[in-house]
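Working notes for the structure below.
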Amino acid sequence: MLANIALFIVIALAIVYIIYDSKKAIKAKNNVENNKTVVKSQIQKSESYNEDETFLWEEEYLMIEIIPAANYEYLFDKNIDKRKAISSYSKIKTETLKIEINEFRDFFEGIGINKYTKIFYLGIGDIVINDCQNTIAYGCLGDTIFIEHKDDIVENIWFVSNNRTSKLNTEIVNTLNQIGLKYDLLLVDNYTVTEKIVDLKIIDEIESYFKFCKEIKLY
């Protein structure tokens, strides 16, 4: 009799444990699925871009600079001290082209590229950008072309990419190509990891540059 009661208790406890363990497993699975949802949501958020506004980070100022192509051969000079930004050795500065800012605006509007209506400036350390009001920006999908002007003349142009999508941003590629063709310009990436000189007149070079940056997971 006692043996039967003991056996019944053992079986009952086993059933309770199985039910508890099953619920625990279901809860753990739900937690995993919830975590996946959060991660997915974060990814979607990181790949959503506000086409009305962009950020101007001081530390990215002129790090991917767009300059006259007349500097091309000189910048390939082996005697250049690579401890400095490549574009800092350019002999012909963008401002010497005397491109009027209104002409540049008309050019961008003519090709239909998005203009950012708001630029949020974030500075670290010494201020190198004197007046954000003298800077305009065009782009899409997290890619931005900044144009700094002084006395109605384009003084500096630089490029920033916060594009982490897997697709190549063909619109910005085409825009850079059209700028290069019209004004004979180079893109000079001064970052040590991605140090490149890109002839913007050659669309294949621009595409190769973007693909290279994506391969090392920078853009």
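Data for the structure
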read-out: Extended-chain gain in nm, criterion 0.36 nm per residue less alpha-carbon gap, residue 152 and residue 118; value: 10.3 nm
read-out: Which listed pairs, of 98/201; 91/118; 91/214, have C-alpha distances above 28 Å, in listed order; value: 91/118; 91/214
read-out: Segment residue 168-residue 111, length gained on full extension (0.36 nm per residue, minus Cα span); value: 18.6 nm
read-out: Net lengthening on full extension, residue 208/residue 194 (0.36 nm per residue, minus Cα-Cα); value: 3.8 nm
read-out: Rounded accessible area of residue 53 (nearest 10 Å², 1.4 Å probe); value: 60 Å²
read-out: Sorted peptide list for 102-109, 172-179, criterion being average Cβ within 10 angstrom, highest first; value: 172-179, 102-109
read-out: Residue list for the range 180-219, given a label point 7 angstrom along the Cα-to-Cβ vector of residue 57 and an amide N cut-off under 17 Å; value: 189-195, 213-214, 216-219
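The values are calculated or read from the model by the stated rules, or taken from the named source; none is laboratory data. These numbers were taken from a predicted model, which means no experiment stands behind them. With ideal geometry, Cβ positions are generated from the backbone for all residues, glycine too; neighbour counts draw on all protein chains shown. Accessible surface is based on the protein model in full, side chains and every heavy atom, while ligands, DNA and RNA are left aside. Shrake-Rupley method; radii C 1.70, N 1.55, O 1.52, S 1.80 Å.
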